[in-house]
1. Go through the stretch 41-65 and count every residue that is in contact with a strand residue (DSSP E or B) (Cβ under 7 Å, 6 or more places away or on another chain) and part of a loop (DSSP other than H, G, I, E, B).
2. Sort out which residues of the stretch 163-211 are assigned by TED's automatic domain parsing to the domain that holds residue 138, of a type in the set (Gly, Ala, Ser) and at positive phi, and write them in order of number.
3. Select the strands (runs of 3 or more DSSP E) contained entirely in the stretch 142-234, then report the ones holding at least 3 residues which are over 30 Å from residue 288 (Cα atoms).
4. Restricting attention to the stretch 329-349, which residues are part of a strand (DSSP E or B) and small (Gly, Ala, Ser)?
5. Does residue 286 meet the test of being of a type in the set (Lys, Arg) and modelled with pLDDT under 95?
6. If you go through the stretch 70-93 one residue at a time, how many are surrounded by 14 or more Cβ atoms within 10 Å (Cβ to Cβ) and outside any loop (DSSP other than H, G, I, E, B)?
7. Anything in the stretch 252-265 that is in contact with a strand residue (DSSP E or B) (Cβ under 9 Å, 6 or more places away or on another chain) and surrounded by fewer than 18 Cβ atoms within 10 Å (Cβ to Cβ)? List them, or say none.
Amino acid sequence: MHALTRRQFLGGAATTLPCLGAALAAQPARRPRVAAVYTVFRFRSHAHNILENFLMPYLFNGNRTVSPCDVVSFYADQRSPTGDTTDEVARRFRIPVYRNIADALTLGGRELAVDAVLSIGEHGEYPFNRLGQHEYPRKRFFDEAVAVMRRSGRYVPIFNDKHLSWYWNWSRAMYDTCMEHRMPFMAGSSVPLAQRRPALEIPAGARIEEAVSIHGGGIDSYDFHALEVLQSMVESRQGSETGVERVEYLEGDDLFRAAQAGRWSLRLAEAAMATEFGKNVPDLRRPIPGERAAVPHGLLITYRDGFRAMMLKVGANSVRWNFAARLRGDDRLHATRFHAGPYGNRCLFMALSHAIQDCFVQGRSPYPVERTLLTTGLTEMAVRSRAAGMALDTPHLDIRYAARDYRAMREMGASWRVLDGTPERRELGMVAT
């Protein structure tokens, strides 16, 4: 893959989904028409971060890339009181804004008139429940979209941003509906697609004994991302994924007492943090210098095959995505940092958008949606274990699947050589065209 300098990028020709094989080398016979259904559209909302890469050229592994899809309709569930950009973007790209999801999928008619649905249920003014979960309307978006497909007798790919729902029964119903109708379903986090610094690949079939995934954000919202990072790294271990047997939420002193008792490895966590701090790894039991004080927490996960893992929240840093693992018969600790790029987490959405477009063109998610079904369940069980103050069994997370190689969808770092040192644009599109 040829990486471009910034000057070459700005003067060069665009490509469409490069390096994904002959099937994507040429435009499809008909560009997939996409309905975008979202909570709110404003600067740096997930709708902005994803749709800018559908509507404008973007970078993928240093190559200037143009989406092979056409966004043909918007549905905005809310309008932000400050900085809402739905109408501005709709006018600029001549995209009609519909009053409901059914009209967005039928383009105002009666039958399904699009080839894919982009469902972005993140940000906006939605309630929190007693467990601290943000009750985003992802299940409602899904149900209303599927109702149109069912009525029309045609099922098209759908992407669901982040975890499926805050409520497990609804999440499982979404998955089961897609399986029943053989509807291509993609979901999840942008972070597993980030560049790994240093480069790290866990070999397929590796005998992983223990792993740690670390973030620096909030419970529920950022726990999910760290769980996706964890699962994306360990799902290809020996025996494939077999699901989770038990989880336990731990916080503050209880978290580190569990490490002293040998229930999880502080040394492994320090190896993960060393990818960010080098030799000057801070004491994880104390506030990290330069960061707001935050109580650390973790989710101790026991998988059905006996494998153990820990998801940790340490410090207060929205671009902290660190990982480490220990392999059987190997004295080394294998660690990496998932690098978000020069503009914070916004850059991660270039690779995610690229993967979504691949799903819409190919009619298949590039990685198993079962990964996100499992991390959705783990995210909910974290807050339930926290509320209960005890470990909880998870028989419903008996989720088995085989990993797939999705390296063709990952950012390897060449894009940052184009963007590094340039100011972030507030306009739609990561770089000037």
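The values are calculated or read from the model by the stated rules, or taken from the named source; none is laboratory data. Fair warning: this is a prediction, and the values are worked out from it, not measured in the lab. A quick note on method: Cβ atoms are made from the backbone with ideal geometry, for glycine too, and the neighbour counts reach across all protein chains shown.
1. Adding up the residues that qualify gives 2.
2. 188, the sole residue that qualifies.
3. On the way: elements: 158-161, 185-188, 195-197, 208-216.
Result: 158-161, 185-188.
4. As a first pass, look at the stretch 329-349 and keep what is part of a strand (DSSP E or B): 333-339.
Matches in the stretch 329-349: 335 only.
5. Details: of a type in the set (Lys, Arg): yes; modelled with pLDDT under 95: yes.
So residue 286 fits the description; yes.
6. 12
7. Within the stretch 252-265, 252, 256, 257, 258, 263 qualify.
Rundown of residues vs (1) of a type in the set (Val, Ile, Thr); (2) modelled with pLDDT of 95 or more; (3) more than 24 Å from residue 82 (Cβ to Cβ); (4) not assigned by TED's automatic domain parsing to the domain that holds residue 44, yes/no style:
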{"site": "104", "(1), (2), (3), (4)": "no, yes, yes, no"}
{"site": "107", "(1), (2), (3), (4)": "no, yes, yes, no"}
{"site": "120", "(1), (2), (3), (4)": "yes, yes, no, no"}
{"site": "123", "(1), (2), (3), (4)": "no, yes, no, no"}
{"site": "137", "(1), (2), (3), (4)": "no, yes, no, no"}
